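Worksheet: one structure, shown below.
The values are calculated or read from the model by the stated rules, or taken from the named source; none is laboratory data. Everything quoted here is computed from the prediction, not taken from an experiment. Glycine also receives a Cβ, built like all others from the backbone with ideal geometry; neighbour counts cover every protein chain displayed. Note: areas computed on protein heavy atoms with side chains; ligands, DNA, RNA excluded. Shrake-Rupley method; radii C 1.70, N 1.55, O 1.52, S 1.80 Å.
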Amino acid sequence: MAEIGELTQQPIDYSQQIPNNVDLANDRALQRALERWQPAFLNWWNETGPANTANLQVYLRTAVSVDRDGWANFGYVRMPEYRWGIFLTPRDENRKIHFGDHKEEPAWQDVPGEYRSQLRRIIVTQGDTEPASVEQQRLLGATCPSLYDLRNLFQVNVEEGRHLWAMVYLLHRYFGRDGREEAEALLQRRSGDANNPRILTAFNEKTSHWLAYYMFTFFTDRDGKFQLAALAESGFDPLARTTRFMLTEEAHHMFIGESGVARALQRTCEVMREQDLSEPAQVRGQGVIDLETLQRFVNFHYSVTLDLFGSEISSNAATYYTGGLKGRYGEANIRDDHRLAAESYAVPEVVNGNIVDRPVPALTALNAQLRDDYTREIQAGVDRWNRIPEQFGLPFRITLPHVGFHRKIGSFSGHHIAPDGRVMSKEDWERQSTTWLPSDGDHAFVGSLMGRVIEPGKFANWIAPPARGINNLPVEFEYVRFG
Ligand SMILES: [Fe+2]
Ligand SMILES: [Fe+2]
């Protein structure tokens, strides 16, 4: 697949109401449909997007084209005036489907009738996560560890809004009337709502403070990366091109999560070293987050995010693959026949009270494989975090719990697995779960640290400053202007 920016493309006409590189001006029906959807989107943003922020001027980047420099557009923006645009990676005329039953056929420029409902379901499920995360983060801006962090929160929020636009474009452009209805429904579901919740469980959880936010952007935005990467392989070319461009935005979201947790970890280690502390209560007494609490948040966010990969064994995943709708992570770089009819894949499950690996047909195990690819990348990030206590000479290391720990979906649901992989009774597991998962008390403690630090260059006591600012600006730059 071509790198972004290598191919020629439509220039963006910024005088348009909806900036785009899909030649919207020459598709009047689509343009009108999207212009009708736009006020509903803005209503949704005002109702459920970042609270009380309409007058803030935020130093944001806005995509104005899909080439490398298209991201270099930084400036102060009032968020309701952000230009949410439709950008697809430029088309490669020679692109072929490279896996499944349609391997070697030209990539589809339209939706094949036989895959219409499956593709719509894939797009709606992905699209639903985008507004959901904005809703989950709605109240975070009432507190902030710094202006730098506040700006990063809003950057993620507007880009998740743009990801919603990306999916809505596909629904309007390729799925007719039911696509338009799905696009409306995307603005009607609400994260955590009892009657009309978001589709996936992790997107109905609360993100009630900044530690949860950093964990979410590290763990859950990275699930987004892997799902988008699998869709970027799709034989349906517009979906592949849309998701490929979304991946460029996702990288920054994951950076915010990884560096946010790293900075909290660093501050805690600094205080522990300076004052020679080891007991969690003493550490908390200094107004920083104890390492044990950080570990419990890792356990929670990792386990709920693993559920997003779905059941390890899935006939849907097999159908999506053989149909050429959703590939594997890095499909082009995998050396096999890209049809998987004869391959097998080992999937862990509980048998007679023990966890064993069972080989199953690889086609049915694609969710498990994507999850394993994800876990490898997550582990690499955790290893980078662990250099921090190591540098401070502290013995503590963050560990990932076993994939079976605290699972609600797939082969481990209904089982009780300890973080170290022991299979336990329900009673034993529940008795110990408060040492493994964040308690209400942990949330209350972390919440108590969440002040509102808005003096440029100042940071909350519980978090270290970042190594550098945004867009080569100093850390003390005024990233958000009030009033
Ligand atoms: Fe997203
Ligand atoms: Fe994201």
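Total residues in segment 203-238 satisfying the condition of being more than 29 Å from SER439 (Cα to Cα), of a type in the set (S, T, N, Q) and not in a loop (DSSP other than H, G, I, E, B): the figure is 1.
For ILE313, the conditions (1) at positive phi; (2) open to solvent by 50 Å² or more (accessible area, probe 1.4 Å); (3) hydrophobic (A, V, I, L, M, F, W, C) all hold with the exception of (1).
For segment 102-119, check the following and say yes or no: at least one residue is away from ligand 2 (no atom under 16 Å from the Cβ) and under 24 Å from the mean Cα position of the chain (by Cα). Yes, that holds for at least one residue. Checked against (1) closer than 27 Å to PRO112 by Cβ; (2) assigned to a loop (DSSP other than H, G, I, E, B); (3) open to solvent by 40 Å² or more (accessible area, probe 1.4 Å), ALA332 passes all but condition (2). Considering every residue within segment 455-468, establish whether at least one is of a type outside the set (A, V, I, L, M, F, W, C), open to solvent by less than 30 Å² (accessible area, probe 1.4 Å) and at pLDDT 95 or above. Taking every residue of segment 455-468 in turn, at least one turns out to be of a type outside the set (A, V, I, L, M, F, W, C), open to solvent by less than 30 Å² (accessible area, probe 1.4 Å) and at pLDDT 95 or above.
Under the condition of being away from ligand 1 (no atom under 11 Å from the Cβ) and in contact with an Asp or Glu (Cβ under 7 Å, 6 or more places away or on another chain), the residues counted in segment 228-253 number 2.
Of the residues ASP128, ASP110, the single one that is surrounded by fewer than 20 Cβ atoms within 10 Å (Cβ to Cβ) and either over 30 Å from LYS458 (Cα atoms) or free of Cβ contacts under 8 Å to residues at least 40 places away in the same chain (or both) is ASP110.
Please determine whether any residue of segment 193-201 is touching a Gly at 6+ places or on another chain (Cβ under 7 Å) and among the polar types (S, T, N, Q). No: zero hits.
Candidates LEU400, LEU394, LEU308: the one that is surrounded by 14 or more Cβ atoms within 10 Å (Cβ to Cβ), under 17 Å from the mean Cα position of the chain (by Cα) and under 30 Å from LEU211 (Cβ atoms) is LEU308.
Okay, residues lined up against (1) within 16 Å of ligand 2 (Cβ to nearest atom); (2) touching a residue at least 24 places away in the same chain (Cβ under 8 Å):
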position: LEU228; (1), (2): yes, yes
position: SER234; (1), (2): no, yes
position: LEU247; (1), (2): yes, no
position: GLU258; (1), (2): yes, yes
position: LEU265; (1), (2): no, yes
position: ARG273; (1), (2): no, yes
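Take segment 237-268 and flag every residue that is surrounded by 22 or more Cβ atoms within 10 Å (Cβ to Cβ) and more than 22 Å from the chain's Cα centre (by Cα). Answer for segment 237-268, where residues must be surrounded by 22 or more Cβ atoms within 10 Å (Cβ to Cβ) and more than 22 Å from the chain's Cα centre (by Cα): ARG267, THR268.
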